[in-house]
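A short worksheet on the structure shown next.
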Amino acid sequence: MAGCSTLDPYAGMSEPSATSLAIVPMTSAFDDPSSAEHKRLIAQFGGEYKSTIIENFLNTSLKRLAAAGSNSGEAYQVTILNTPAVNAFALPSGNLYLTRGLLALANDSAEVAAVMAHEIAHVTARHASARAELEKTEALKSKVASAIQSRARSDELKANGRLTLSGFSREQELEADRLGVRMIAQAGYDPYAAARFLTSLGRASALRENVLSSKAQSTSGDLSASHPTTPERINKALDMARQLAASDRVDSNRDEYLSLIDGLEFGDNPAEGLVRGRKFQHPKLGFEFTAPERFVLENSAKALLGLVDGGAEALRLDSVALSADIALESYMTNGWIEGLQKESIQKRSVNGLDAAIAKAQNGTWDFRIGVIRLGTDVYRLIFAAHHPAGIADRRFINAIDSFRRLTFEEIKGLHAAHIALITADEGDTVASLSAHMTGVDRPVESFMILNGLEKGAEVNPGQKYKIVLD
């Protein structure tokens, strides 16, 4: 599987951020759309996002690209994934996957075509198979080294193997960029679109990391080695475009594309819960929770995660199924919490719901743990801080006491944010148009990134721009 153009929605919370993913090899092709791998991808990324008009548009673009590619007879089909992550994948079978987050970030049909061409290039160049073979070779070399050489020598060979794989996937990404730019030019699209999209991607990633106040950086060198930096990819994409066309805007169909994504859901999927500032609301499960001040929240399929002050404090809210005959105080002691101070366990009532709280300690971190029973599920809040225990206690108690059931009327009123279009009038500015944005952090910066505008750019009267409304 080739995964590219990634803006991981959970980067900085649980794993490093990157502007592209390496090639993840598949052991076999999955030609049948009902295959297990197809289903796994859909389940992992929030399910399918159904929009017949967008799907038809994307599949028509795929046919145009396939006709211009080296394998003109190859059949491709696209699936839209219901996630705010900016990502695209391709299976060796020719099945392509684009996220609605990627569709929201793109500004014209040529940019989307550039992403799909990049994925087609991975398929036609058989990058996944090549990557898989190299991984097998490096794994065998490592196993042999472990058996016949010293541990130090074995570790050295393993490190060299990682660098070999890193360089290999890096070259794959650059090759897919080069082949993709040529493909969109041959199909009559603007060859500069790839560089435009990569620029938007890099700026969106930087804004996101800034909002989280926790830039995840790898010190091992593996991440930067395996993923070409956004500036490098942009420069190489521009160089390739200049060889193919003197100027940009060959065919972008901007207005047509924006009309297609008018109303596209933006941000969190309501089925997995909605983050609104420090408040998390889950209409499907019927509860609401408010994090302490200064926390930045991000939702994932497995848990709600929160950070503050670059990671000086953190929280996690998740759930488990628990039999009604197991007391919450007893559940606290069954081994899922390291460093639990059993004497600290207290029974508690939170807005009419049975709950229990406790303390734990691990190294320099103090932990406060709360469990709340709601129906057949138990919700677990883990709050970690370097601060003195008294400060952590107050913030934790206020947070756990905010957990409550949502009323039926509240649930009916919850819905996803969406992309809307606004037409600039005379005298409008970036500031005046972005003031219409709701439900997003840093609306001015978000507006500029969504619309591919550089710092200091002016808006054009009569032109349509994307905004977000909740």
It is to be established whether one or more residues within the range 311-330 are at pLDDT below 90 and over 24 Å from Arg348 (Cα atoms).
yes
Residue among Met13, Met116 that is hydrophobic (A, V, I, L, M, F, W, C), crowded, with 18+ Cβ neighbours inside 10 Å and modelled with pLDDT under 80:
Met13
Residues of the range 170-192 being open to solvent by 30 Å² or more (accessible area, probe 1.4 Å), touching a residue at least 40 places away in the same chain (Cβ under 8 Å) and among the acidic types (Asp, Glu), which ones?
Glu175
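Only one of these is over 23 Å from Arg203 (Cα atoms) and either among the hydrophobic types (A, V, I, L, M, F, W, C) or buried (at least 20 other Cβ atoms within 10 Å of the Cβ) (or both): Leu421, Leu406. Name it.
Exactly one residue qualifies, and that residue is Leu406.
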Within the range 251-276, how many residues are outside any helix (DSSP H, G or I), open to solvent by less than 50 Å² (accessible area, probe 1.4 Å) and not small (Gly, Ala, Ser)?
6
Looking at the range 319-354 only, could you name the residues that are in contact (Cβ under 8 Å) with a residue 12 or more places away in the chain, farther than 27 Å from Asn299 by Cβ and among the β-branched types (Val, Ile, Thr)?
Thr333, Ile345
Within the bounds of the range 67-80, is there any residue that is of a type in the set (Phe, Trp, Tyr) and open to solvent by 10 Å² or more (accessible area, probe 1.4 Å)?
yes
Among the residues of the range 329-373 satisfying the criterion of being in contact with a Phe, Trp or Tyr (Cβ under 8 Å, 6 or more places away or on another chain) and at positive phi, which is surrounded by the fewest Cβ atoms within 10 Å (Cβ to Cβ)?
Gly339
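The values are calculated or read from the model by the stated rules, or taken from the named source; none is laboratory data. All of these numbers come straight from a predicted model, not from anything done at the bench. Backbone-built Cβ (ideal geometry, glycine too); neighbour counts: all protein chains shown. Side chains are part of the model used for accessible areas, which takes the heavy atoms of the whole protein and leaves out ligands, DNA and RNA. Shrake-Rupley method; radii C 1.70, N 1.55, O 1.52, S 1.80 Å.
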